[in-house]
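Some notes on the structure that comes next.
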Amino acid sequence: MKAVRFYAPGDVRIEDVAEPVCGPDEVKLRVRNCSTCGTDVKIRNNGHQNIDPPRTMGHEIAGEVVQVGEDVSGWSVGDRAQVIAAVPCGECYECRRGWMAVCENQTSVGYQYEGGFAEYLVVPREVLKVDGLNRIPENIGYDEASVAEPFACAINAQELVHVGEGDTVVVFGAGPIGCIHIRLARANGAERVFLIDVNAERLAMSAKAVGPDEVINGSEVDVVERVKELTGGRGADVVITATAANVAQEQAIRMAARRGRISFFGGLPKTNPFIQCDSNLVHYRELMIMGANGSAPSHNKRALEYIASGQVPVKDLITARLPLDRALEAFDVVARGEAIKVTVEP
Ligand SMILES: [Zn+2]
Ligand SMILES: [Zn+2]
């Protein structure tokens, strides 16, 4: 079968590999959609410490069950399934406390396990062990289901900063995940949502799709001033930074309202993970700064529910579709920011 394999930074190949064999405690999928995100581009360019090459990439996966190991119950051939990407161990202190997104033994599909840019995928037993293979609701497609993984990360973040009724929410980053954050914030009851980016084209494309109440171009205006202006000087109740820009985190702190909640959703470059923070703003204004590390299996299930119920549609966010043998082009489309979500259809 064909698969997209990472060998080294800058060396990703589409090649023929043996079809994976399904063990007695595993489930085999015919991959129908594996969507791409900025992480795939990062891996292609820089590699990742947790990847032992060669490794099949791809972590936003939906497919059809074609084989079920004899020791596995609850699944049948023909079932439609979505796969979690971040795999908690289910046993450590954090997992037992219910904080599976920060499991200290977390592994990932496409890193330690073979990923979804392939015709077939054997779902690792570690995924089944934590209930990480999810049934796709009947009324949604494989393409939409593949977006449940990044969507799950947004759910985790918004849950941690309690986005709710009446909130004014600011989202930095007009990528696919920024679009999902905008829609999810609305579904969670936010009263107003503002979208910030420094790339005018990307901002226009995403704003057209999700219609934020206000679009702010950070390359043209002072975003802190603008948010203060739009909120009568009060600032934003919630600020989510869905970007790897250090300055966005600094601006987020400065534009937050009293009691504002800030989600550092996107990680910063390892080479420069530092920001300047006026600690007195945090102190006197009782700001809450929260991290967000991927998602737990339960967030994937909730993402599928949000999509199936129509509360947070994602179909229209998938603006490019490519076959597996053009997966490398898909990475380029993501890198150039030309589409909202790019999906590969093996
Ligand atoms: Zn991703
Ligand atoms: Zn754990």
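The values are calculated or read from the model by the stated rules, or taken from the named source; none is laboratory data. Please read all numbers here as calculations on a predicted model, not as lab measurements. So basically every Cβ, Gly included, is an ideal-geometry build from the backbone, and we count neighbours across all protein chains shown. Remember, those area values only see protein heavy atoms, side chains included, never the ligands or the DNA or RNA. Shrake-Rupley method; radii C 1.70, N 1.55, O 1.52, S 1.80 Å.
With all protein chains present, calculate the accessible area of Arg336 using a 1.4 Å probe and round the result to the nearest 10 Å².
Accessible surface of Arg336 is approximately 140 Å².
How much of the accessible area of the range 6-99, in percent, comes from carbon and sulfur atoms when a 1.4 Å probe is used?
Ligands and nucleic acids excluded, carbon and sulfur give 43 percent.
Can you give the local net charge around Asn45? Use residues other than it whose beta-carbon is closer than 14 angstrom to its beta-carbon, Lys and Arg +1, Asp and Glu -1. Don't jump to the answer; show the numbers that get you there.
Values: positive: Lys42, Arg44, Lys270, Arg336; negative: Asp11, Asp40, Asp332.
That sum, taken over residues with Cβ under 14 Å, equals +1.
Heavy-atom accessible area of Glu329 with all protein chains present, probe 1.4 Å, nearest 10 Å²?
Rounded to the nearest 10, the figure is 80 Å².
Please report the equivalent ellipsoid semi-axes of the range 54-213, computed as sqrt(5 x eigenvalue) of the Cα gyration tensor, largest first, in whole Å.
Working: eigenvalues 198, 72, 46 Å².
One finds semi-axes of 31, 19, 15 Å for the range 54-213.
Can you give me the % of accessible surface on the range 200-346 that is carbon or sulfur? Probe 1.4 Å, all protein chains present, nothing else counted.
Carbon and sulfur atoms account for 49 percent of the accessible area of the range 200-346.
In square angstrom, rounded to the nearest 10, how much accessible surface does Thr39 have for a 1.4 Å probe?
40
Please work out how much length the chain gains when fully extended from Thr319 to Ala200, using 0.36 nm per residue of separation minus the C-alpha to C-alpha distance, in nm with one decimal. Please report the intermediate quantities before stating the final value.
Details: separation 119, 0.36 × 119 = 42.84 nm, distance 1.80 nm.
That works out to 41.0 nm of additional length.
Could you tell me what % of all Cα pairs in the range 154-291 have separations over 27 Å?
10
Dividing the alpha-carbon Rg of the chain by 2.2 N^0.38 Å yields what?
0.98
Highest mean first, how do 83-90, 278-285, 240-247, 303-310 rank when packing is the count of other Cβ atoms within 10 Å averaged over residues?
So the order, starting with the most tightly packed, is 83-90, 240-247, 303-310, 278-285.
On average, how much accessible surface per residue is there in the chain, in Å², for a 1.4 Å probe, leaving out ligands, DNA and RNA?
Value for the chain: 43 Å² per residue.
Treating only the Cβ atoms of Lys and Arg (+1) and Asp and Glu (-1) as charged, compute the dipole magnitude of the chain about its Cα centre; round to the nearest 20 debye.
Using Cβ point charges on Lys, Arg, Asp and Glu, the chain gives about 580 debye.
Based on the alpha-carbon gyration tensor of the range 217-346 and its eigenvalue square roots a ≥ b ≥ c, which shape applies: rounded if a/c is under 1.5, prolate if not and a/b is larger than b/c, or oblate?
Prolate, since a/c reaches 1.5 and a/b exceeds b/c.
Top mean-square fluctuation among Phe117, Phe274, Phe264, Gaussian network model of the chain, C-alpha springs under 10 Å?
The residue with the greatest mean-square fluctuation here is Phe274.
Calculate the length of the line joining the C-alpha centroid of the range 132-164 to that of the range 265-309, in whole Å.
Rounded to whole Å, the Cα centres lie 16 Å apart.
Based on alpha-carbon atoms only, what is the radius of gyration of the range 127-201 relative to the globular estimate 2.2 N^0.38 Å?
Working it through for the range 127-201, the quotient is 1.27.
How far apart, in nm, are the 7 Å Cα→Cβ label points at Glu338 and Lys270?
Here the modelled spin labels are 3.0 nm apart.
Rounding to the nearest 10 and keeping the result within 0 to 90°, find how far the Cα-based axis of helix 200-210 lies from the longest principal axis of the chain.
Orientation of helix 200-210: about 80 degrees from the principal axis.
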